[in-house]
Structures are given as C-alpha cells and as structure tokens.
Amino acid sequence: VVRPVYKVRPYDTLRSIARDTMGDARRADDILDLNRDVIDDPSHLIVGQLIELPEDARASRPRTRN
C-alpha cells in the first residue's frame, strides 16, 4: 500500500496535520498509529520529518484564498 507522505513544517501538530489533510483534527491518532516508529514525542514533531498519512489523506495542504 502506498500512502501519502507529509513533510512536517514549523508549528505543525498531529491535530493540525489531520485537519489540513483529512478534514478532521480528531484523526490525529490515525497518523500517530502509522508513525509510532518515527515519532518519539507526538507533542513535539521534528520540522522536516517525513510521516505517512492514512490512504484517504491529501498530502498537500489546501491553498488559502486572500
């Protein structure tokens, strides 16, 4: 199974990544479950780290309109 990959950015949290890629911040645990081998502390993500997302996630962040 090929899953989308997300590159952690400054100020990202698992909840913000879940919100931005899956539309639901409550799915943060889904991301953590897939990445327990690379995420040492879920409250302090490493900028630049690559994490896998669930298959139904969109790897790119939605663009905001000005």
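The values are calculated or read from the model by the stated rules, or taken from the named source; none is laboratory data. What you are looking at is a predicted structure, and each value in this text was computed from that prediction instead of being measured. Every residue, glycine among them, receives a Cβ derived from its backbone with ideal geometry; neighbour counts consider all protein chains shown. These accessible areas exclude ligands, DNA and RNA; they are computed on the full protein's heavy atoms, side chains included. Shrake-Rupley method; radii C 1.70, N 1.55, O 1.52, S 1.80 Å.
Along the Cα→Cβ direction, 7 angstrom out, place labels at Thr13 and Val38. What is the inter-label distance in nm?
2.2 nm
Which net charge results when you count Lys and Arg as +1 and Asp and Glu as -1 among the other residues whose beta-carbon is under 14 Å from that of Gly48? If you can, show how the numbers build up before the last one.
On the way: positive: Lys7, Arg9; negative: Asp12.
Net of charged neighbours comes to +1.
If you compute percent of Cα pairs over 20 Å apart for the structure shown, which of (i) 24; (ii) 29; (iii) 18 do you land on?
Calculated percent of Cα pairs over 20 Å apart: the matching label is (iii).
Mind listing the phi-derived Karplus ³J(HN,Hα) values for the stretch 11-26, rounded to whole Hz, using 6.51, -1.76 and 1.60 with θ = phi - 60°, and x for any glycine or proline?
Running phi through 6.51 cos²θ - 1.76 cosθ + 1.60 with θ = phi - 60° gives 6, 5, 10, 4, 5, 5, 5, 4, 4, 6, 9, 10, x, 8, 4, 5 Hz.
How much accessible surface area, in Å² rounded to 10, belongs to the heavy atoms of Arg9 with a 1.4 Å probe?
Around 100 Å² of this residue is reachable by solvent.
Where the accessible area of the chain is counted over protein heavy atoms with a 1.4 Å probe, how much of it, in %, is carbon and sulfur?
Carbon plus sulfur share of accessible area: 47 percent.
Excluding ligands, DNA and RNA, what is the solvent-accessible area per residue of the chain at a probe of 1.4 Å, expressed in Å²?
Values: 4850 Å² over 66 residues.
Accessible surface, normalised per residue, equals 73 Å².
For the chain, what is the calculated [θ] at 222 nm in deg cm²/dmol (nearest 500), taking -39500 (n - 2.57) for each run of four or more DSSP H residues and dividing by its residue count?
Value at 222 nm, helices only, nearest 500: -6500 deg cm²/dmol.
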